[in-house]
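What follows is a single structure, written as C-alpha coordinates, with notes after it.
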Ligand SMILES: O=C(NO)N[C@@H](Cc1ccccc1)C(=O)O
Ligand SMILES: [Zn+2]
(Lines give C-alpha, C1' and ligand atoms only; values in the text may rest on other atoms or scores of the structure.)
(Ligands and ions follow the chains in the order given, each with its own letter.)
Protein backbone atom coordinates (compact mmCIF):
# COMPACT_ATOMS: atom_id res chain seq x y z
CA UNK A 1 0.00 0.00 0.00
CA UNK A 2 1.04 3.60 -0.54
CA UNK A 3 2.88 5.26 2.34
CA UNK A 4 0.99 8.27 3.63
CA UNK A 5 2.68 11.42 4.93
CA UNK A 6 2.54 11.66 8.75
CA UNK A 7 1.10 14.87 10.21
CA UNK A 8 3.45 16.66 12.64
CA UNK A 9 2.35 18.16 15.95
CA UNK A 10 1.04 21.65 15.36
CA UNK A 11 -0.98 20.66 12.29
CA UNK A 12 -4.69 21.35 12.73
CA UNK A 13 -5.78 17.78 11.91
CA UNK A 14 -4.14 16.63 15.18
CA UNK A 15 -6.22 19.06 17.26
CA UNK A 16 -9.67 17.97 16.09
CA UNK A 17 -12.26 15.56 17.45
CA UNK A 18 -12.45 12.57 15.08
CA UNK A 19 -15.65 11.71 13.18
CA UNK A 20 -17.45 8.38 13.77
CA UNK A 21 -17.01 5.83 10.99
CA UNK A 22 -20.36 4.95 9.37
CA UNK A 23 -19.41 3.06 6.21
CA UNK A 24 -17.55 -0.22 6.71
CA UNK A 25 -16.58 -0.40 3.05
CA UNK A 26 -13.55 -1.13 0.85
CA UNK A 27 -12.32 2.46 1.23
CA UNK A 28 -12.11 1.98 5.02
CA UNK A 29 -10.16 -1.25 4.55
CA UNK A 30 -7.81 0.48 2.09
CA UNK A 31 -7.21 3.33 4.56
CA UNK A 32 -6.41 0.81 7.32
CA UNK A 33 -3.95 -0.97 5.03
CA UNK A 34 -2.22 2.32 4.13
CA UNK A 35 -2.07 3.31 7.82
CA UNK A 36 -0.56 -0.05 8.69
CA UNK A 37 2.12 0.28 5.98
CA UNK A 38 2.92 3.85 7.04
CA UNK A 39 3.18 2.79 10.72
CA UNK A 40 5.47 -0.14 9.86
CA UNK A 41 7.70 2.06 7.69
CA UNK A 42 8.18 4.36 10.70
CA UNK A 43 8.78 1.41 13.09
CA UNK A 44 5.61 2.36 14.94
CA UNK A 45 3.55 0.22 17.31
CA UNK A 46 0.40 2.26 16.73
CA UNK A 47 -1.03 4.92 14.45
CA UNK A 48 -4.27 6.97 14.42
CA UNK A 49 -6.13 8.17 11.30
CA UNK A 50 -5.63 11.90 12.04
CA UNK A 51 -1.87 11.27 11.81
CA UNK A 52 -2.35 10.44 8.11
CA UNK A 53 -4.67 13.47 7.67
CA UNK A 54 -7.90 11.46 7.91
CA UNK A 55 -10.53 12.79 10.38
CA UNK A 56 -12.01 9.33 11.05
CA UNK A 57 -12.29 7.61 14.47
CA UNK A 58 -9.94 4.77 13.55
CA UNK A 59 -6.54 3.56 14.78
CA UNK A 60 -4.23 0.56 14.61
CA UNK A 61 -2.35 -1.10 17.51
CA UNK A 62 0.47 -3.43 16.51
CA UNK A 63 2.86 -4.01 19.37
CA UNK A 64 5.96 -6.03 18.59
CA UNK A 65 9.61 -5.66 19.63
CA UNK A 66 11.61 -3.33 17.34
CA UNK A 67 14.54 -0.93 17.66
CA UNK A 68 12.27 1.78 19.06
CA UNK A 69 10.54 -0.51 21.60
CA UNK A 70 12.74 -3.56 22.21
CA UNK A 71 10.62 -4.68 25.22
CA UNK A 72 7.25 -4.35 23.45
CA UNK A 73 5.05 -7.45 23.79
CA UNK A 74 4.09 -9.38 20.68
CA UNK A 75 0.43 -8.93 19.68
CA UNK A 76 -1.45 -9.45 16.41
CA UNK A 77 -2.25 -6.05 14.83
CA UNK A 78 -5.71 -4.79 15.78
CA UNK A 79 -7.80 -2.28 13.78
CA UNK A 80 -9.91 -0.22 16.21
CA UNK A 81 -12.96 1.68 14.87
CA UNK A 82 -15.27 4.00 16.88
CA UNK A 83 -13.63 3.16 20.24
CA UNK A 84 -15.07 3.77 23.70
CA UNK A 85 -13.23 3.45 27.01
CA UNK A 86 -15.78 1.91 29.40
CA UNK A 87 -13.69 1.59 32.58
CA UNK A 88 -10.25 2.65 33.72
CA UNK A 89 -8.25 1.30 36.68
CA UNK A 90 -7.40 3.71 39.46
CA UNK A 91 -3.85 2.36 39.22
CA UNK A 92 -1.67 4.60 37.07
CA UNK A 93 1.69 3.62 35.58
CA UNK A 94 4.39 5.95 34.27
CA UNK A 95 6.14 4.85 31.12
CA UNK A 96 8.06 6.07 28.11
CA UNK A 97 6.17 6.95 24.95
CA UNK A 98 7.04 8.29 21.54
CA UNK A 99 4.76 9.71 18.87
CA UNK A 100 5.20 9.51 15.10
CA UNK A 101 3.95 13.12 15.02
CA UNK A 102 6.72 14.25 17.40
CA UNK A 103 9.71 12.55 15.75
CA UNK A 104 12.87 11.76 17.71
CA UNK A 105 11.46 12.61 21.16
CA UNK A 106 10.38 10.44 24.13
CA UNK A 107 8.20 11.48 27.06
CA UNK A 108 7.35 9.93 30.44
CA UNK A 109 3.57 9.65 30.47
CA UNK A 110 1.19 8.41 33.20
CA UNK A 111 -1.52 6.06 31.93
CA UNK A 112 -4.19 3.85 33.53
CA UNK A 113 -2.69 0.39 34.07
CA UNK A 114 -5.85 -1.44 32.92
CA UNK A 115 -8.79 -0.31 30.76
CA UNK A 116 -12.05 -1.89 29.55
CA UNK A 117 -12.79 -0.93 25.95
CA UNK A 118 -15.40 -1.44 23.22
CA UNK A 119 -14.79 -0.83 19.52
CA UNK A 120 -15.83 -2.03 16.08
CA UNK A 121 -13.63 -4.05 13.71
CA UNK A 122 -13.35 -3.42 9.95
CA UNK A 123 -16.58 -5.40 9.44
CA UNK A 124 -18.46 -3.19 11.90
CA UNK A 125 -18.73 -5.96 14.53
CA UNK A 126 -18.51 -4.73 18.13
CA UNK A 127 -15.63 -6.07 20.22
CA UNK A 128 -15.07 -5.71 23.96
CA UNK A 129 -11.70 -6.22 25.65
CA UNK A 130 -9.73 -5.60 28.82
CA UNK A 131 -6.26 -4.23 28.08
CA UNK A 132 -3.36 -3.78 30.45
CA UNK A 133 0.20 -2.38 30.61
CA UNK A 134 1.88 -1.54 27.28
CA UNK A 135 -1.13 -2.44 25.10
CA UNK A 136 -3.43 -0.35 27.33
CA UNK A 137 -0.85 2.43 26.98
CA UNK A 138 -0.95 2.31 23.19
CA UNK A 139 -4.77 2.29 23.19
CA UNK A 140 -4.89 5.36 25.47
CA UNK A 141 -2.29 7.16 23.33
CA UNK A 142 -4.23 6.48 20.10
CA UNK A 143 -7.61 7.21 21.74
CA UNK A 144 -6.18 10.61 22.76
CA UNK A 145 -5.36 11.36 19.10
CA UNK A 146 -9.05 10.83 18.24
CA UNK A 147 -9.89 13.55 20.81
CA UNK A 148 -7.29 15.94 19.37
CA UNK A 149 -4.87 15.28 22.24
CA UNK A 150 -1.17 14.43 21.82
CA UNK A 151 1.32 13.27 24.45
CA UNK A 152 2.69 16.83 24.61
CA UNK A 153 -0.49 17.77 26.48
CA UNK A 154 0.06 14.86 28.87
CA UNK A 155 3.77 14.92 29.58
CA UNK A 156 4.62 16.00 33.11
O1 LIG B 1 2.44 8.09 17.31
C2 LIG B 1 2.07 6.94 17.40
N3 LIG B 1 0.77 6.66 17.54
O4 LIG B 1 -0.12 7.69 17.59
N5 LIG B 1 2.95 5.89 17.46
C6 LIG B 1 3.60 5.57 18.70
C7 LIG B 1 2.68 4.65 19.51
C8 LIG B 1 3.02 4.48 20.98
C9 LIG B 1 2.04 4.69 21.94
C10 LIG B 1 2.31 4.52 23.30
C11 LIG B 1 3.57 4.08 23.72
C12 LIG B 1 4.57 3.86 22.75
C13 LIG B 1 4.28 4.04 21.38
C14 LIG B 1 4.91 4.86 18.37
O15 LIG B 1 5.94 5.31 18.85
O16 LIG B 1 4.85 3.87 17.61
ZN1 LIG C 1 0.97 9.43 18.52
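The values are calculated or read from the model by the stated rules, or taken from the named source; none is laboratory data. Only a predicted model underlies this, so the values are computations on that prediction, with no experimental measurement involved. Here Cβ is always computed from backbone atoms with ideal geometry, including for glycine, and neighbour counts include all displayed protein chains.
Side notes on the structure shown:
- In segment 110-125, the condition of being buried (at least 20 other Cβ atoms within 10 Å of the Cβ) and not in a strand (DSSP E or B) is met by no residue.
- Segment 86-100, residues that are part of a loop (DSSP other than H, G, I, E, B) and either within 15 Å of ligand 2 (Cβ to nearest atom) or surrounded by 16 or more Cβ atoms within 10 Å (Cβ to Cβ) (or both): 98, 99, 100
- Sub-6 Å Cβ pairs linking a first residue in segment 135-156 that is over 13 Å from residue 116 (Cα atoms) to a second residue that is in a helix (DSSP H, G or I) and away from ligand 2 (no atom under 11 Å from the Cβ), at least 6 apart or interchain, are 148/15, ordered by first then second residue.
- On the stretch given as segment 16-32, residues that are assigned to a helix (DSSP H, G or I), without any contact (Cβ under 8 Å) to a residue 60 or more places away in the chain and either exposed (fewer than 15 other Cβ atoms within 10 Å of the Cβ) or within 11 Å of ligand 2 (Cβ to nearest atom) (or both) total 3.
- Qualifying residue in segment 63-78 (condition: within 21 Å of residue 19 (Cβ to Cβ) and touching a strand residue (DSSP E or B) at 6+ places or on another chain (Cβ under 8 Å)): yes
- Filter result for residue 127 (more than 14 Å from the chain's Cα centre (by Cα) and within 15 Å of ligand 1 (Cβ to nearest atom)): no
- Just one residue in the set 103, 83, 70, 65 is within 18 Å of residue 9 (Cβ to Cβ) and either assigned to a loop (DSSP other than H, G, I, E, B) or at pLDDT 95 or above (or both); that residue is 103.
- Scanning segment 54-63 for residues that are more than 10 Å from ligand 1 (Cβ to nearest atom) and surrounded by 14 or more Cβ atoms within 10 Å (Cβ to Cβ) gives 54, 56, 57, 58.
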